[in-house]
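Each value in this text was obtained by applying a stated rule to the coordinates, not by laboratory testing. Values in this document were obtained by computation on a predicted structure and should not be read as measured data. Cβ placement follows ideal geometry from the backbone for every residue including glycine, while neighbour counts extend to all protein chains displayed.
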Amino acid sequence: MNKIFKILLSLTALLTVTASCSVKYSFNGASIPPEAQTVSVQQFQNFATMVAPILSSSLTEGLQDLFSRQTRLTLVREDGDLSFEGEIVNYTSTPIAVTGDEYASMNRLTVTVKVRFENKIQPQYNYNSQFSAYEDYNSNRLLQEVESTLIPQIVEKLAEDIFNAAVSNW
């Protein structure tokens, strides 16, 4: 019984020390200041030469969903304690593997976005950066046939990279 009491006392002390830290850490590696209560993600505009109609909304919603699922922050329309805005600047499909008869056997769909992140609580973590992600596909399929599968995969990668750049301050 005495051993259990010591363990509980140690856990209580550990939780008290952890709760008093100036930065809140979560199990996903995110470090968010306890003063931060809200996050806003503006619609990512699509300025790429080639446009996929679902990309802008998919990226915006993907980043919003990631913050909703993995943080305690409340999503607001604008002016969040943490805020994101940006634009899609590149959406290209390029050959990456060529066969002996000089035909592409694999293509790569690449999406690049510019992101401006503002942390009103800790402005030293603000950034203005570019992120890219890609997926490969067999060249015997048209891009229009595979976009609905590739875009969600690319958006997931981009959202995770943007999220990690904003909240992984170590």
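So what are the ³J(HN,Hα) numbers for region 77-93, from phi and the Karplus equation (6.51, -1.76, 1.60; θ = phi - 60°), rounded to whole Hz, Gly and Pro as x?
Karplus values, whole Hz, x for Gly and Pro: 5, 7, 6, x, 4, 10, 9, 10, 8, x, 8, 7, 10, 8, 8, 9, 10.
Using label points projected 7 Å from each Cα along Cα→Cβ, tell me how many nm separate D79 and S105, to one decimal.
So the label points at D79 and S105 sit 5.8 nm apart.
Given a Förster radius of 41 Å and the C-beta distance between E35 and N90 as r, what FRET efficiency does 1/(1 + (r/R0)^6) yield to the nearest 0.05?
For R0 = 41 Å, the calculated efficiency reads 0.70.
Place a point 7 Å from the Cα of E160 along the Cα-to-Cβ direction; which residues of region 28-62 have their backbone N under 15 Å from it?
Output list for this probe position: 28-30, 62.
Once fully extended, how much extra length lies between Q64 and Q144, figured as 0.36 nm per residue of separation less the alpha-carbon to alpha-carbon distance?
Between Q64 and Q144, full extension yields 26.2 nm more.
Hey, for a label at Q45 modelled as a point 7 Å past Cα toward Cβ, could you say which residues of region 79-100 have their backbone N under 12 Å away?
86-89
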